[in-house]
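A short reminder: the numbers here are calculations on the coordinates, not readings from a lab. Predicted, not measured: the structure shown is a model, and the values here were computed from it. Cβ atoms come from the backbone with ideal geometry, glycine included; neighbour counts cover every protein chain shown.
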2 protein chains.
Amino acid sequence: MSVEREVGAVQRMTRQRAALLEAIEGQGGFRSAQAIHHDLRARGDAVGLATVYRGLQALADAGVVDSLRTAEGESLYRRCARAEHHHHLVCRSCGRAEEIDGPSVESWARSVGGAHGFVDIEHVVELFGTCAECRARG
Amino acid sequence: MSVEREVGAVQRMTRQRAALLEAIEGQGGFRSAQAIHHDLRARGDAVGLATVYRGLQALADAGVVDSLRTAEGESLYRRCARAEHHHHLVCRSCGRAEEIDGPSVESWARSVGGAHGFVDIEHVVELFGTCAECRARG
DNA sequence: ATGCGTGCAAACGATTTGCAGCCGG
DNA sequence: CCGGCTGCAAATCGTTTGCACGCAT
């Protein structure tokens with residue numbers, strides 16, 4: 001299933017939308033909207049910053065990309081295979097990310113919440129670290 | 001050990017600092033800097049917004065208050081007993097919060113990180129839900 | 001006295017939005 | 001053609017910072 005197939009059905013395919021998708025396809029890890037915008041400009045694809053934000057938001061809603069927020073409050077995006085709930089292990093130096101299943105965390109969250117009488121538990125779990133490659137590179 | 005004792009040693013005790021501490025002592029759950037600022041003004045203690053931010057930051061550094069960020073990127077603060085690492089279960093409707101130990105999460109984070117070759121693993125774990133009281137109240 | 005602490009307003013950085021014109025279907 | 005899409009700039013929003021003055025020590 002191509003990205004065009006996933007998104008095209010609901011949205012118009014414009015030059016900028018295509019450029020955005022291509023940029024996202026090409027990147028390995030999580031990047032900020034601003035960084036993606038820079039990439040596009042550098043690559044010669046002139047796209048407005050606002051359009052990048054709007055597009056990213058739409059893609060996130062459509063489940064094509066996954067987004068998370070850094071501790072500093074910046075949003076990061078990344079093409080994401082699965083739509084189901086999962087977490088990430090993000091390299092703080094290169095942005096490379098691994099998708100993680102946290103079955104133990106899921107159950108932990110639910111039981112802790114229940115033990116305190118809380119319901120409708122939502123949880124935010126993100127891991128940050130330095131990947132082997134970046135560690136080696138120094 | 002009083003708050004004055006904890007903070008006074010390193011910082012000057014001013015009217016606004018005292019007001020801020022009092023406001024924080026009185027509140028049960030996590031509140032935003034802006035909300036705390038409103039409380040102070042409402043109570044008659046005129047304190048600048050910037051001062052509230054600066055004070056909160058200082059208290060957080062001193063380990064007197066605990067801070068966390070909502071999914072929307074807003075910082076919330078709360079008087080916090082223990083300085084050690086722990087997580088929170090926050091009521092999304094009243095801000096009431098329970099401090100949580102996550103031994104299982106700690107080890108899970110470390111092992112997952114290691115399994116992927118990542119080092120210096122940091123983790124962000126926050127739980128949000130609706131507390132029993134708020135659920136009852138509707 | 002000294003210089004930390006404060007208030008105010010301007011600065012900021014990320015993100016959003018209003019609006020007139022453009023272009024994909 | 002028509003309505004969604006875009007660019008640009010102005011507007012938000014939470015938070016930070018520069019500066020001159022005040023007050024705790």
Checklist entry - Out of all the residues in segment A:17-35, which are more than 10 Å from DNA strand D (Cβ to nearest atom), closer than 13 Å to A:Leu59 by Cβ and out of contact with any strand residue (DSSP E or B) (no Cβ under 8 Å at 6 or more places or on another chain)? => result A:Leu21, A:Glu22, A:Ala23
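For every residue, the table says whether it meets (1) more than 14 Å from every other protein chain (Cβ to nearest Cβ); (2) in contact (Cβ under 8 Å) with a residue 24 or more places away in the chain; (3) within 20 Å of the chain's Cα centre (by Cα).
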{"position": "B:Ala33", "(1), (2), (3)": "no, yes, yes"}
{"position": "B:Ala81", "(1), (2), (3)": "yes, no, yes"}
{"position": "B:Asp101", "(1), (2), (3)": "no, no, yes"}
{"position": "B:Val112", "(1), (2), (3)": "no, no, no"}
{"position": "B:His116", "(1), (2), (3)": "no, no, no"}
{"position": "B:Ile121", "(1), (2), (3)": "no, no, no"}
{"position": "B:Thr130", "(1), (2), (3)": "no, yes, yes"}
Checklist entry - So which residues in segment B:55-64 are part of a helix (DSSP H, G or I), more than 14 Å from every other protein chain (Cβ to nearest Cβ) and either exposed (fewer than 15 other Cβ atoms within 10 Å of the Cβ) or more than 8 Å from DNA strand D (Cβ to nearest atom) (or both), if there are any at all? => result B:Gly55, B:Ala58, B:Leu59, B:Asp61
Item to check | Candidates A:Val125, A:Val64, A:Val47, filtered to the one that is in contact with a helix residue (DSSP H, G or I) (Cβ under 8 Å, 6 or more places away or on another chain), under 22 Å from A:Gln11 (Cα atoms) and away from DNA strand C (no atom under 14 Å from the Cβ) | outcome: A:Val64
Checklist entry - Taking into account only those residues within segment B:40-78 that are touching a strand residue (DSSP E or B) at 6+ places or on another chain (Cβ under 6 Å) and among the acidic types (Asp, Glu), which is farthest from B:Gln27 (Cα to Cα)? => result B:Glu74
